[in-house]
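Data first, discussion second: the structure below is written as structure tokens.
What follows is calculated from the coordinates using simple rules that are stated; it is not laboratory data. Since the structure is predicted, the reported quantities are computational estimates derived from the model, not experimental observations. A quick note on method: Cβ atoms are made from the backbone with ideal geometry, for glycine too, and the neighbour counts reach across all protein chains shown.
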């Protein structure tokens, strides 16, 4: 078996079975820093911790693949994750690199759509996952908190959409300026 195959076969399954109290405290602090959950009371936060799943991933391992059904929100507790998008089956573009404390996959908490990109462990990672069915039960148990969670997710999505709109507008302006430059260049070249 060559080195590439051995690297792909490494798995972290067994490392997910036991967590120390210090890891639990670290998870509590990490979740409290996510805007979606930072308003929860101690009891609610402890219940949220009970439904949060911890995983480790080795560098190069896929956390999820573009086209998979979205099933949860991911919180990076340690390491780096790269978000990649595949185009035309052969072009892959890196969209972002995320670090400790960052979270991703929050759209899965709203809809049941397919993932629009892949998430790959760039380094060995510790990641906590909150699955949608578990969060749905939590929201049923605490409806007022559930509304705040959904409002917080909506605010984050709105902020990201505004940023995308601004980036798109900047690209349009740059392309228009480039087009104007090209037209002027052609006018000047043809007058020579």
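Where (i) 14.8, 46; (ii) 21.4, 78; (iii) 39.2, 127 are the candidate values, the label of the one calculated here for Rg and Dmax of the Cα atoms in Å is (ii). Its DSSP H runs of at least 4 residues, each contributing -39,500 (n - 2.57), put the calculated 222 nm mean residue ellipticity of the chain at -15000 deg cm²/dmol, to the nearest 500. Relative to the longest principal axis of the Cα atoms of the chain, the long axis of helix 21-32 makes an angle of roughly 50 degrees. For the chain, find the longest principal axis of its Cα atoms and tell me its angle to the long axis of helix 132-141, 0 to 90°, nearest 10. It works out to around 60 degrees. Output the 0 to 90 degree angle, nearest 10, between the alpha-carbon long axis of helix 143-190 and the longest principal axis computed from the alpha carbons of the chain. For 143-190 against the chain, the angle is about 20 degrees. Here each label is just a point 7 Å from Cα along the line to Cβ, and for residue 45 and residue 140 those points are 2.7 nm apart. Give the separation of the Cα centroids, segment 53-78 to segment 97-162, in Å. Computed from Cα coordinates, the inter-centre distance equals 12 Å. Taking other C-beta atoms within 10 angstrom as a stand-in for reagent exposure, 166, 92 fall in the order 166, 92, fewest first.
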